[in-house]
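Accompanying notes for the structure given below.
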Amino acid sequence: MFLKKLTGRNFVTIDYDKNGISQTVKGRVYYLNLREQMLSLKDEQQNSFSIRLSGIRKVY
């Protein structure tokens, strides 16, 4: 339920693992695909990132 609240207009910072490497990205969530377990967001420069929900370590 709280994942849908992330799709608002606020910026969020997400710490996640991708291929065993810890990464951090800050942006707005613009798409949440629960079927494929993916979260898509855009940063301030409109770069797009797709993150697997299982790789997310922290959201703030």
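Working note: 222 nm ellipticity from helices only, DSSP H runs with n ≥ 4, each -39,500 (n - 2.57), summed and divided by the residues of the chain, gives -1000 deg cm²/dmol to the nearest 500. Surface composition of the chain: carbon and sulfur atoms hold 47% of the protein heavy-atom accessible area at a 1.4 Å probe. The magnitude of the dipole of the chain, with charges of +1 and -1 set on the Cβ of Lys/Arg and Asp/Glu and taken from the Cα centre, is near 200 debye. Gain on full extension, evaluated as 0.36 nm per residue between Leu53 and Lys5 minus their Cα-Cα distance, stands at 15.8 nm.
The values are calculated or read from the model by the stated rules, or taken from the named source; none is laboratory data. Source: prediction; values computed, not measured. Virtual Cβ from ideal backbone geometry, glycine too; neighbours counted across all protein chains shown. When the accessible area is computed, the model is the full protein with side chains, heavy atoms only, and any ligands, DNA or RNA have been set aside. Shrake-Rupley method; radii C 1.70, N 1.55, O 1.52, S 1.80 Å.
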